[in-house]
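Each remark here refers to the structure printed beneath this line.
Nothing in this text is a laboratory measurement; each read-out follows from the coordinates by a stated rule. Keep in mind that this is a model prediction, so the values were computed, not measured. As a convention, Cβ positions derive from the backbone with ideal geometry for all residues, glycine included, and neighbour counts pool all protein chains shown.
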Amino acid sequence: MARYTGPKTKIARKFGEPIYGPDKYFEKRNYPSGQHGLAKKRKKVSEYGTQLAEKQKVKYTYGLLERQFRGFYARANRMKGRTGENLIFLLESRLDNIVYRLGIAPTRPAARQLVSHCHITLDGEVCNVPSVIVKVGQTVGVRERSKSLEVVQDSIKANAAGKYAWLEWDAAKCTGKYASAPERTEIPEPINEQLIVELYSK
């Protein structure tokens, strides 16, 4: 299996950010792993290294493989406007990410699993493809027979409705609407997309 399934905290420590969400283990050791993790004098990172690290961070954050990421970047590059912002917009519009943002799943990997196991609907129809791009105006919901799942119920209770301005949540129906395209300033992920654009522009 090509997708990373190892310790999440190890990756978070590598980038110095809790990219998978709140992590009590990362809070205890928020420095790179290894015997030199706490060393003050670390090797200076080149410009290319900084750009590559930013790209890798985004890949891990959204759970993408290299080929998938290149495909999203190529698509963003063909769109009007700034390529970097287009890329983030496309990643945020993925079905698994929308499920996560709506609070139906506690993490993006959990959201991906819910979609893959046919627990999620898109405009009322079951969709099991996590990478589908949800369009503005479309509705994402939990399949009727899946609403009683413990992971879904616990996640919905733990996440306050209306957390993101571009999404509308209907608690009674367990459905959410992709109401509008998010502004870059509304997306909370600490990503410097310009570094990724510079990396692929070489």
### Summary
Given 128-136, 111-119, the highest-first ranking by average Cβ count within 10 Å works out to 111-119, 128-136
### Query
Taking amide H positions as placed 1.01 Å from N in the peptide plane, with prolines and chain starts having none, which residues 5 or more places from VAL134, or on another chain, fall under 5 Å of its amide H?
ARG94, LEU95
### Summary
Going residue by residue through the range 46-54, the Karplus relation 6.51 cos²θ - 1.76 cosθ + 1.60 with θ = phi - 60° gives ³J(HN,Hα) values, rounded to whole Hz and with x marking Gly or Pro, of 6, 4, 4, x, 5, 5, 5, 4, 5
#### Entry: Local electrostatic count at ALA181 - Lys and Arg +1, Asp and Glu -1, tallied over other residues with Cβ under 11 Å
-2
#### Entry: Karplus 3J(HN,Hα) series, Hz, for the range 190-200 with 6.51 cos²θ - 1.76 cosθ + 1.60 (x for Gly, Pro)
x, 10, 9, 5, 5, 5, 5, 4, 5, 4, 7
### Summary
A chain fully extended from GLU125 to ALA158 at 0.36 nm per residue, minus the present Cα-Cα distance, gains in nm 9.3 nm
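Using only alpha-carbon positions, what ratio does the radius of gyration of the range 94-184 give when scaled by 2.2 N^0.38 Å? Kindly include the intermediate steps, with their values, before the conclusion.
Numbers: Rg = 11.5 Å, N = 91, 2.2 N^0.38 = 12.2 Å.
Here the Cα radius of gyration is 0.94 times the empirical estimate.
Given an 8 Å cut-off on Cα distances and at least 6 residues of separation, report the relative contact order of the range 94-184 as a percent. Mind showing how you got there, number by number?
Values: 152 pairs, mean separation 26.5, N = 91.
Here the relative contact order equals 29 percent.
Filter the cross-link list LYS80/LYS135; LYS55/LYS202; LYS59/LYS80; LYS55/LYS80 down to pairs whose alpha-carbon distance in this structure exceeds 19 Å.
Numbers: LYS80/LYS135 17 Å; LYS55/LYS202 14 Å; LYS59/LYS80 23 Å; LYS55/LYS80 21 Å.
Distance filter (> 19 Å) returns LYS59/LYS80; LYS55/LYS80.
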